[in-house]
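Participant: The structure that follows is given in the form of structure tokens.
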């Protein structure tokens, strides 16, 4: 199942493999090829349908675009959402918009929401770094994604309390130095991640000693945990 589909006048590319009662949807990191998480998907193709797609929007319409794509392509839910980095924030947006269609969420080193990041993370930044982060969140990034807009949508939406969430982050080992911006802001990132998981009624937080690109086997253990807790 797959191909190019027109959603609200825009061409969107979708690839799906496998079959089953649940569909896993993969959301890659910023600027990554849409097949970047296929290694994870290949593992589950014997159990469920696994879909990758190419993003076209840059703001809160990302969730509605994906919803429209799955609908037009005839890909049935419920959907198990797995997102890495930027994708980790976007899967939260989809679950917030369509909780009744979401079987579970796995967010891997997600981009932190703007509201919390600009409050906690900025405390450890220089004025120049704060400006750089502000520009980055507003669209000066690899996909011109408006993280502020997506964050606002997630913040305004009710938390999907009956949807299991596994929020998986790397330890500070992912930073080059405790003195660089990553190292200085890591405590804030850690706290924000814990807070997100705690707000979900079925949320779980996990921290692993790993670089930013967490090994596939570790990610799979989190996916398996969500599958075990997913509603039928």
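Participant: What number of residues within segment 161-212 are without any contact (Cβ under 8 Å) to a residue 12 or more places away in the chain and part of a loop (DSSP other than H, G, I, E, B)?
Facilitator: 6
Participant: Also, quick follow-up: Only residues that are assigned to a loop (DSSP other than H, G, I, E, B) and over 22 Å from residue 149 (Cα atoms): list them for segment 35-69, please.
Facilitator: Taking segment 35-69 first, the residues assigned to a loop (DSSP other than H, G, I, E, B) are 35-37, 45-48, 54-60.
Within segment 35-69, 35, 36, 37, 45, 46, 47, 48 qualify.
Participant: Given the options 181, 196, 227, name the one that is out of contact with any helix residue (DSSP H, G or I) (no Cβ under 8 Å at 6 or more places or on another chain) and buried (at least 16 other Cβ atoms within 10 Å of the Cβ).
Facilitator: 227
Participant: Could you tell me whether residue 29 is within 27 Å of residue 217 (Cα to Cα), touching a residue at least 40 places away in the same chain (Cβ under 8 Å) and in a loop (DSSP other than H, G, I, E, B)?
Facilitator: Taking the combined requirement at face value, the residue satisfies it.
Participant: Here is a follow-up. In the list 128, 116, which residue meets the criterion of being under 30 Å from residue 78 (Cβ atoms), modelled with pLDDT of 95 or more and over 15 Å from the mean Cα position of the chain (by Cα)?
Facilitator: Working: 128 fails: under 30 Å from residue 78 (Cβ atoms).
Going through 128, 116 in turn, the sole match is 116.
Participant: Considering only residues that are in contact (Cβ under 8 Å) with a residue 60 or more places away in the chain and over 28 Å from residue 227 (Cα atoms), look in segment 1-24 and name the one that is surrounded by the fewest Cβ atoms within 10 Å (Cβ to Cβ).
Facilitator: Restricting to residues being in contact (Cβ under 8 Å) with a residue 60 or more places away in the chain and over 28 Å from residue 227 (Cα atoms), the top hit is 6.
Participant: Further question on the same structure: Quick check on residue 75: is it part of a loop (DSSP other than H, G, I, E, B), farther than 19 Å from residue 225 by Cβ and modelled with pLDDT under 95? Full working, then the answer.
Facilitator: Values: part of a loop (DSSP other than H, G, I, E, B): yes; farther than 19 Å from residue 225 by Cβ: yes; modelled with pLDDT under 95: no.
Criteria not met by residue 75.
The values are calculated or read from the model by the stated rules, or taken from the named source; none is laboratory data. Quick caveat, the model's predicted, so the values are computed rather than measured. Neighbour counts are summed over all protein chains in view; Cβ atoms, including those assigned to glycine, are modelled from backbone coordinates with ideal geometry.
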